[in-house]
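I am attaching a structure below and will ask some questions about it afterwards.
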Amino acid sequence: MAASEAAKDGRGIRRQAGELLVGGKRAGHRGAERRTLIGELLRRRAGNGREGPALEEGEEPSLREPVGMAGERVDRSVGNRPGAANAERVELHRRDLASRGTLSRRCSQLRRFGTAVSNEIISIEEARRRVLATCRPLEPEEIALEHALGRALAEDVVAAGDVPPYAGSAMDGFAILGGPAGRRLAIVGESRAGHPTDAAVEEGLAIRISTGAAVPTGATAVIRVEDTSEADGHVSVHATTEPGQNLRAAGEDVQAGTTVLQSGTDLGAAELGVAAGAGVATLPCRRRPRVAVLATGDELVAPGQPLRYGQLHDSNALTLGALASRAGAEVVVRGSVADRPAETATALEDALTAADVVVVSGGVSVGPHDHVKPALEELGVAESFWRVALQPGKPTWFGTRGDRLVFGLPGNPVSAMVTFLLFAQPALRALQGLAPLPIREPAALAHPARRQRDREQALRVRLEPSRDGLPRALTTGSQLSHILTSMLGADALAFVPPGHGELGAGEAIETERIR
Ligand code: AMP
Ligand code: MG
């Protein structure tokens with residue numbers, strides 16, 4: 001879909017490369033010089049492993065326009081779409097203005113008069129409590145076993161019959177009456193897997209048997225073939241066999257009528273095998289939550305597309321979509337949205353129609369180009385919280401409209417991932433009837449970590465087993481919220497409680513696995 005078509009259908013979502021709407025043109029000699037200097041300064045700051053107090057959205061030295069209460073704003077971005085011919089631009093601009101309608105006017109009014117900015121900052125725990133309080137498990141649907149991997153079971157599964165269903169042999173050999181060595185027995189039949197025999201074992205007789213084959217009537221043991229020799233239709237028994245030897249009783253694994261899987265189980269390979277053994281071909285599974293992922297930002301360019309000065313590749317749509325899929329959700333919308341009120345509102349409305357859970361990244365602060373909060377307010381999504389005492393991820397928004405959940409996550413790539421993991425992932429699990437929260441495990445902090453006075457920090461760490469006690473939590477690099485590469489190799493988040501001073505190396509810290 002080309003940019004013009006995106007505008008034509010009035011949708012706010014850009015799904016394809018090359019459709020980016022760009023703000024101003026800033027590349028130029030002075031810009032390039034400034035870029036080099038700033039780049040060097042930032043590289044130095046990001047690269048030196050242990051930073052000073054970690055910075056966060058709104059706290060980093062701002063390279064952006066000052067944030068303030070915006071009045072009506074002239075948006076020139078349409079005319080700057082790459083590739084738009086002059087006439088097309090004019091037409092786009094006209095359509096864009098026409099398509100804004102009441103939504104954007106009311107959004108602008110909200111901004112002009114100031115949206116109600118709540119000052120409440122809540123803890124991670126409280127934020128999770130509020131999120132989970134809104135989650136009801138989705139309806140069940142019957143899913144064929146071969147498609148049920150990763151799904152959440154909605155009801156207990158009771159075994160219809162015994163597993164194994166019949167007494168069978170654990171060895172290749174002969175079904176006999178258990179007893180002493182030195183006997184010579186007449187071979188009167190064969191029981192193979194899938195081909196039981198009608199012949200019966202009695203004193204002086206043996207029946208050839210394979211592993212897994214049904215034990216013939218009368219037999220009390222199986223002697224393995226290695227302990228026998230055969231000639232003239234007879235088998236000589238060279239070892240003593242106890243009654244029951246090399247036999248598997250019916251129902252040894254599962255007895256008919258027992259519950260083999262419980263509702264709320266995450267279905268893995270073993271669960272599917274056990275379900276098949278229990279006699280079912282389909283399982284009642286919770287419907288997968290439908291998730292819409294929207295990345296906001298005029299600076300965003302689709303992966304693989306060339307960048308102009310001031311642009312960057314959209315990584316959040318991918319990371320958040322991937323985390324949603326991994327949490328069992330079906331990603332039904334994935335796209336980026338320009339920093340414009342009308343497009344933001346349209347895209348959010350579409351997302352609310354298509355999905356149970358809307359995850360939107362960026363644009364959730366109160367700057368003049370942050371349109372997510374006013375748009376959500378306009379669309380009737382009731383705010384539950386906005387701001388968590390968390391680093392990274394303070395400006396996290398959550399709200400609901402009916403049974404729809406909306407997460408407004410900060411745009412910084414690590415903040416987006418961390419807040420998804422801490423708040424959206426538990427919600428997706430709860431919607432599937434799964435245990436929502438990961439088990440917190442203690443670890444020993446490998447490096448000292450400075451506490452933050454009023455915020456809990458979620459450090460990206462690798463957990464290393466230790467012989468003499470708790471696993472060691474080693475940070476994976478810079479903890480700044482835009483350093484996505486330090487999510488590489490991180491297998492847990494480690495939580496530094498707020499307070500004064502430092503947590504020393506070796507101190508116990510709580511962790512949550514993230515993979
Ligand atoms: P915002 O929350 O919109 O103010 O964005 C904060 C920072 O995150 C800015 O530096 C953005 O460029 C960056 N950012 C926002 N969205 C994305 C995205 N989808 N992919 C990568 N970076 C992003
Ligand atoms: Mg933004």
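Order 409-419, 221-231 from most to least packed using the mean count of other Cβ atoms within 10 Å.
409-419, 221-231
Another question, if that's okay. First select every other residue whose beta carbon is under 12 angstrom from the beta carbon of L431; then total the charges, Lys and Arg +1, Asp and Glu -1.
+3
Return the long-range amide H neighbours of I122 (sequence gap of 5 or more, or a different chain), with a cut-off of under 5 Å between placed amide H atoms.
Those qualifying (amide H under 5 Å, at least 5 residues apart or on another chain) are V388, A389.
Taking θ = phi - 60°, what integer Hz values does the Karplus form 6.51 cos²θ - 1.76 cosθ + 1.60 yield along the stretch 274-282, in sequence order, with x for Gly and Pro?
Once rounded to whole Hz, the list reads 5, 5, 4, x, 7, x, 10, 10, 9.
Taking amide H positions as placed 1.01 Å from N in the peptide plane, with prolines and chain starts having none, which residues 5 or more places from L300, or on another chain, fall under 5 Å of its amide H?
L312
Related question: Give me the net charge for the shell around E125: Cβ to Cβ below 13 angstrom, other residues only, Lys and Arg +1, Asp and Glu -1.
0
Also, quick follow-up: Find how many whole Å separate the alpha carbon centroid of the stretch 472-502 from the alpha carbon centroid of the stretch 193-222.
The stretch 193-222 and the stretch 472-502 have Cα centres spaced 63 Å from each other.
Quick one: Karplus J couplings for the stretch 448-464, per residue in order, coefficients 6.51, -1.76, 1.60, θ = phi - 60°, nearest Hz, x for Gly and Pro?
Result, ordered by residue: x, 9, 6, 6, 9, 4, 10, 9, 7, 9, 10, 8, 7, 9, 9, 9, 10 Hz.
Could you derive backbone 3J(HN,Hα) for the stretch 498-503 from the dihedral phi with the Karplus parameters 6.51, -1.76 and 1.60 (θ = phi - 60°), listing whole Hz in sequence and x where the residue is Gly or Pro?
So the J values, rounded to whole Hz, are x, x, 10, x, 10, 8.
Sticking with this one: Find how many whole Å separate the alpha carbon centroid of the stretch 163-187 from the alpha carbon centroid of the stretch 297-326.
Between the Cα centres of the stretch 297-326 and the stretch 163-187 lies a distance of 66 Å.
Bear in mind these aren't lab numbers, they're just calculated from the coordinates by the rules spelled out. Note that the structure is a prediction, hence the values are computed from the model and not measured. Every residue, glycine among them, receives a Cβ derived from its backbone with ideal geometry; neighbour counts consider all protein chains shown.
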